[in-house]
Amino acid sequence: MATAEVINAIQAVRSDDIIIAFMGPTGSGKSYFIDLLTGQLGRSSQRSGSALKSVTNHVQATRVKHSKYGDRLVLVDTPGFDDTSRSDMEILMMISEWLQKTYERDVRLSGLIYLHRITDNRMAGSPLKNLRMFGELCGDVAMNKVILVSNMWQKVKPEVGVARESELRDKFWKILLDKGSRVDRLGNAEPKEAWRIIEQLVKQKDDRGVVLLQEELVELEKKLNETQAGKTLYTALQKALDSQREALKSLLAQLENSSDPALTKELKKEQQKIEREFQKTFDEVKRLKVPFGRRILAFFFGKRARAKGVKVANS
């Protein structure tokens with residue numbers, strides 16, 4: 001039904017392409033979904049894996065040659081935040097560069113698929129951070145081009161999956177749904193089911209959209225750390241810094257009281273690990289901090305975006 005080839009995500013896309021971007025946490029099944037659509041499952045070229053680790057460490061575009069849509073359909077796989085090989089700052093820079101450069105070439109998105117594992121028994125940590133970043137990056141105006149897709153249903157009891165989906169609808173996804181997003185399930189891991197979901201976005205292919213991050217970077221000429229997505233990541237990193245600081249303090253107290261050489265050795269190894277993480281987070285916070293002078297100028301003279309960030313709460 002379809003053949004596919006990986007293309008340059010910036011230079012090889014065209015303004016008349018039907019571009020659908022896949023976003024979500026690391027391990028949520030973005031690459032797997034695309035493999036279903038392109039018939040790559042079970043082949044040596046298969047990109048997806050079963051472990052909760054990143055198989056996409058850059059923005060990757062796949063052009064699909066389809067009997068119905070010709071060669072205009074492009075599926076874009078993006079790395080998730082909490083990637084196993086890159087920092088959150090690097091991920092945001094990669095995604096923002098792709099969004100900015102394609103927008104400057106008059107390339108617009110036809111839709112976005114946001115993936116969520118229904119196997120997750122609670123919304124915290126990486127899934128929650130990714131959803132918050134998505135809300136601020138996408139913005140409210142483009143939310144009607146978003147389908148929130150839960151997958152891995154075959155790994156949970158039906159009643160458990162339904163209860164979790166209901167909680168997502170009523171709490172974490174509610175604000176996105178209020179802005180026009182839709183909910184769907186990849187109930188069966190089959191190409192037919194994956195195409196059923198995608199075709200909802202293909203049908204509205206001529207109603208292309210601009211996400212908030214594109215408007216901020218290109219039209220308003222903001223720096224990445226001045227965008228809603230940049231500010232949200234800055235806040236998340238500050239919280240991580242506080243957590244790492246407390247962990248280090250607790251570890252040093254344990255070291256002081258330890259008389260066991262083996263335990264002391266292990267504690268020192270853990271101390272070095274946390275110190276490395278702390279320094280990395282500290283450096284990223286410094287890079288994202290907006291200088292006071294620019295904040296004042298933005299407050300009094302900065303242009304306001306037409307779109308607004310969608311703020312996902314804890315509950």
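The values are calculated or read from the model by the stated rules, or taken from the named source; none is laboratory data. Quick caveat, the model's predicted, so the values are computed rather than measured. In this analysis, Cβ positions are derived from the backbone assuming ideal geometry, glycine residues included, and neighbour counts consider all displayed protein chains.
Of note:
Residue-wise test of (1) under 20 Å from the mean Cα position of the chain (by Cα); (2) touching a residue at least 12 places away in the same chain (Cβ under 8 Å); (3) surrounded by 16 or more Cβ atoms within 10 Å (Cβ to Cβ).
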{"position": "VAL149", "(1), (2), (3)": "yes, yes, yes"}
{"position": "LYS157", "(1), (2), (3)": "no, no, no"}
{"position": "GLY161", "(1), (2), (3)": "no, yes, yes"}
{"position": "GLU165", "(1), (2), (3)": "yes, yes, yes"}
{"position": "LYS171", "(1), (2), (3)": "yes, yes, no"}
{"position": "SER181", "(1), (2), (3)": "yes, yes, yes"}
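Each row is one residue, and each column tells you yes or no for (1) surrounded by 15 or more Cβ atoms within 10 Å (Cβ to Cβ); (2) among the charged types (D, E, K, R); (3) in a strand (DSSP E or B); (4) at pLDDT 90 or above.
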{"position": "ALA4", "(1), (2), (3), (4)": "yes, no, yes, no"}
{"position": "ALA12", "(1), (2), (3), (4)": "no, no, no, yes"}
{"position": "ARG43", "(1), (2), (3), (4)": "no, yes, no, no"}
{"position": "SER50", "(1), (2), (3), (4)": "no, no, no, no"}
{"position": "VAL55", "(1), (2), (3), (4)": "yes, no, no, no"}
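- Each residue in the stretch 161-191 was checked for being part of a helix (DSSP H, G or I) and closer than 25 Å to VAL141 by Cα, and 13 of them qualify.
Residue-by-condition table, conditions (1) out of contact with any Leu (no Cβ under 9 Å at 6 or more places or on another chain); (2) over 17 Å from GLY135 (Cα atoms); (3) surrounded by 14 or more Cβ atoms within 10 Å (Cβ to Cβ); (4) touching a residue at least 12 places away in the same chain (Cβ under 8 Å):
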residue: GLN204; (1), (2), (3), (4): yes, yes, yes, yes
residue: VAL210; (1), (2), (3), (4): no, no, yes, yes
residue: GLU221; (1), (2), (3), (4): yes, yes, no, no
residue: LEU233; (1), (2), (3), (4): no, no, yes, yes
residue: GLU246; (1), (2), (3), (4): yes, yes, no, no
residue: LYS273; (1), (2), (3), (4): yes, yes, no, no
residue: THR281; (1), (2), (3), (4): no, yes, yes, yes
residue: VAL285; (1), (2), (3), (4): no, yes, yes, yes
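- Residue match in the stretch 238-259 (condition: more than 25 Å from LEU37 (Cα to Cα), at pLDDT below 95 and part of a loop (DSSP other than H, G, I, E, B)): yes
- Within the stretch 141-193, the set of residues being in contact with a helix residue (DSSP H, G or I) (Cβ under 8 Å, 6 or more places away or on another chain) and either among the small types (Gly, Ala, Ser) or over 24 Å from ALA21 (Cβ atoms) (or both) comprises ALA142, SER150, VAL156, GLY161, GLY180, SER181, GLY187, ALA189.
- Residue match in the stretch 97-105 (condition: assigned by TED's automatic domain parsing to the domain that holds GLY180, under 12 Å from LEU224 (Cβ atoms) and surrounded by fewer than 20 Cβ atoms within 10 Å (Cβ to Cβ)): yes
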